[in-house]
Every structure is written in C-alpha cells, then in structure tokens.
Amino acid sequence: MADDLAGTAVLFDLDGTLIDTAEDLAASMNHALARANIDPISGVEVRHLVGYGARRMLMRGYQLSARREGTTEELDKALEWFLEHYQDNIAVHSRPFDGVVEMIERQRALGIRFAICTNKREAMAVLLLETLGVSSLFDAIIGADSASAAKPDPAPVKMCMEKLRAQHGVFVGDSDTDIRAARSVKMACFIARFGYGPLTLANEATALFDSYGEAAPLIEAALNTH
C-alpha cells in the first residue's frame, strides 16, 4: 500500500459518525419542547431523528409527542429555544467515537485531507469541534447552510472536495442520507453500524464497519485504488 495519499480526501458526517452527540441533542430538543409545554422525547427516539437537521427534529418532536403538526410560528420559536440551549450545552456529554481521532491523525500523516460534511449548521459544527479540541484535524467544515442544499443533495459533497482540492475521496457516514449523498457523486461510502441511521440502504454502501480500527484499512484501500 502506498505511503503517500496526497490529493485524496475523507469526508466525514458529524453526528453519529465522528461524534456521539445524541444525549446533548436530546437535552436541547426536550428543552425546546418543554418550553412549548410538550412532553419530552426519549433519547432512543432522538437518535433516529438527528440526520436531517434541528428543524426536522423538532417537527418530528411535535408529531411524536404532541400528536400534531407544529405550526410555522411554533417551529420557529422552538428552533430558537433549541439553538440557544444547544449553543450553551453543546458538548456536555458529546465525545468522539472510540478510535476515530487516532485514525484521522495517522491518515493525515499519509497526506489524506479531511472535511466535515454535515446537515448541522456550520457555526454549530465548528463550535462543537472547537469545544472538543478536534477542529484542527479538518481542512474544511461544511454545514447544511454552507452550500445551496443539504445532504443528500450532492452540493455539500462537491463543496468539500473543492475546498480540499482533492482529486479523489471517500465518504464516512452513518445513514441513508450519507449513502445517497455519496452515491450522487459516485463516491465510495463507508457506514458506521453504531451510528444513528436510519439505515435501510446498507446494501448500497461500499462497506459497513463496527469500529474505526476496522474502518481504517477499508478507507485506505479505497483511496489507493485511484
């Protein structure tokens, strides 16, 4: 295997792939729902609502707990409450998944460049990574509001590759959204089984993995094929 992988890139989803954020997201979501006099959603349910952005999470919160659709005005206010709480409590429990930081550090030494491609707002993604002390591992951070559309649209994936000036890349994610985004640009996609999902398109991923020790050689092999 080549020792120099300059010109290649790994694009990472954030929530449920790089960072285990579910507990903090659930706390902020339930804070917003409580202010709207709506019963909380269980942490297990919140895990499966993460990948589409905060507003969609809150929409589902209304549907699941209040048993109705939230109005535009209600969702606007709930989103405001959510973002205020989350900004102040963004990394109370959130931590990188085991082995991922070590894998990225080793692969950066091979010349691979890294980007975050998330449906989180860019400012929140940057704040989370800076708070956890891992922002320096990434050469670009692209959020849902950075490009013309969010994943699974190809726009944020293409923006990541342009910012990294990379000729070839792979995507690491945890959900159908990530698989669709990678597939839209014909990019290899490696999926964390331990992530938040939903994951109904697993057979369309390049491979699934259960740990970053398992993922590392899969990623490097894919990058070495070009």
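The values are calculated or read from the model by the stated rules, or taken from the named source; none is laboratory data. In this text the structure is predicted, and so the values were computed from the model without any measurement. Positions of Cβ are backbone-derived with ideal geometry, glycine not excepted, and every protein chain shown enters the neighbour counts.
For the stretch 130-158, enumerate the residues that are without any contact (Cβ under 8 Å) to a residue 40 or more places away in the chain, in a helix (DSSP H, G or I) and not hydroxyl-bearing (Ser, Thr, Tyr). Passing the criteria: GLU130, LEU137, ALA155, PRO156, LYS158. Against the test of being touching a residue at least 60 places away in the same chain (Cβ under 8 Å) and within 23 Å of ILE104 (Cα to Cα), the options GLU220, GLU162, GLU214 yield a single qualifying residue, GLU220.
Among the residues of the stretch 158-169, those identified as surrounded by fewer than 24 Cβ atoms within 10 Å (Cβ to Cβ) and among the hydrophobic types (A, V, I, L, M, F, W, C) are MET159, MET161, LEU164, ALA166.
With the condition kept exactly as written, say whether any residue in the stretch 44-52 is within 26 Å of LEU129 (Cα to Cα), modelled with pLDDT under 95 and either among the acidic types (Asp, Glu) or in the same structural domain as ALA150 (by TED's automatic domain parsing) (or both). Within the stretch 44-52 (the criterion being within 26 Å of LEU129 (Cα to Cα), modelled with pLDDT under 95 and either among the acidic types (Asp, Glu) or in the same structural domain as ALA150 (by TED's automatic domain parsing) (or both)), the answer is yes, since at least one residue qualifies.
Can you name the residue in the stretch 14-58 that is under 17 Å from PRO198 (Cβ atoms), of a type outside the set (A, V, I, L, M, F, W, C) and in contact with a Ser or Thr (Cβ under 6 Å, 6 or more places away or on another chain) and is also surrounded by the most Cβ atoms within 10 Å (Cβ to Cβ) among such residues? Result: GLY51. For the stretch 188-226, the tally of residues that are modelled with pLDDT of 95 or more, surrounded by fewer than 20 Cβ atoms within 10 Å (Cβ to Cβ) and in a loop (DSSP other than H, G, I, E, B) stands at 7. Within the stretch 108-145, count every residue that is polar (S, T, N, Q), touching a helix residue (DSSP H, G or I) at 6+ places or on another chain (Cβ under 7 Å) and at pLDDT 95 or above. Here the count works out to 2. When the stretch 53-77 is limited to residues that are within 28 Å of PHE12 (Cβ to Cβ) and aliphatic (A, V, I, L, M), the one that is modelled with the lowest pLDDT turns out to be ALA54.
Every condition in (1) outside the structural domain of GLY213 (by TED's automatic domain parsing); (2) without any contact (Cβ under 8 Å) to a residue 60 or more places away in the chain; (3) within 21 Å of the chain's Cα centre (by Cα) is met by VAL101 except one, and the failing one is (1). Cβ-Cβ distances below 6 Å connect the following pairs, each with a first residue in the stretch 52-65 that is touching a residue at least 24 places away in the same chain (Cβ under 8 Å), a second residue that is not hydrophobic (A, V, I, L, M, F, W, C), and a separation of six or more residues or different chains: GLY53/ASN119; TYR62/GLY70; SER65/ASP39.
When the stretch 59-73 is filtered for residues that are crowded, with 17+ Cβ neighbours inside 10 Å and in contact with a Phe, Trp or Tyr (Cβ under 8 Å, 6 or more places away or on another chain), only GLY70 remains.
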